[in-house]
Amino acid sequence: DRKLNQTLNRFFRLFPQPEVIFLVDVPEEEAIRRKDDIPSIEYLQERRKVYLNIADEYGMTILDGSKDLADLQSEIESKVLQCTIQ
């Protein structure tokens, strides 16, 4: 999504880019099950493509949002620790 990319680019010109950025990715079926205010599964499919493209462009670490919260926390801690050691 062009507007989102422009917003992120402006943000990163004003503030330093973090060493690590996380995107919690959730399959569309799981997202629609968790929330009741989503217009359609097609909407989620389109948004997910946009977010995954942006994650790729900015080198984000993609986390599987269908995993247990404790597992996600472990992955995040591990990645942050790797960044601080380098």
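The values are calculated or read from the model by the stated rules, or taken from the named source; none is laboratory data. Keep in mind that this is a model prediction, so the values were computed, not measured. Neighbour counts are summed over all protein chains in view; Cβ atoms, including those assigned to glycine, are modelled from backbone coordinates with ideal geometry. Heads up: the accessible areas ignore ligands, DNA and RNA and are worked out on the full protein's heavy atoms, side chains in. Shrake-Rupley method; radii C 1.70, N 1.55, O 1.52, S 1.80 Å.
Summary of values
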read-out: Residue within the stretch 52-67 that is over 16 Å from the mean Cα position of the chain (by Cα), free of Cβ contacts under 8 Å to residues at least 12 places away in the same chain and farther than 17 Å from ASN5 by Cβ present; value: no
read-out: Check on GLU28, free of Cβ contacts under 8 Å to residues at least 24 places away in the same chain and surrounded by 12 or more Cβ atoms within 10 Å (Cβ to Cβ); value: yes
read-out: Cβ pairs under 8 Å, 6+ apart, first in the stretch 1-18 and closer than 18 Å to ASN53 by Cα, second not in a helix (DSSP H, G or I); value: LEU8/TYR58; GLN17/TYR58
read-out: LEU63 vs. criteria in a strand (DSSP E or B) and either open to solvent by less than 40 Å² (accessible area, probe 1.4 Å) or under 26 Å from GLN82 (Cα atoms) (or both); value: yes
read-out: Residue among ILE76, ILE21, ILE38 that is among the aliphatic types (A, V, I, L, M), open to solvent by less than 100 Å² (accessible area, probe 1.4 Å) and without any contact (Cβ under 8 Å) to a residue 24 or more places away in the chain; value: ILE38
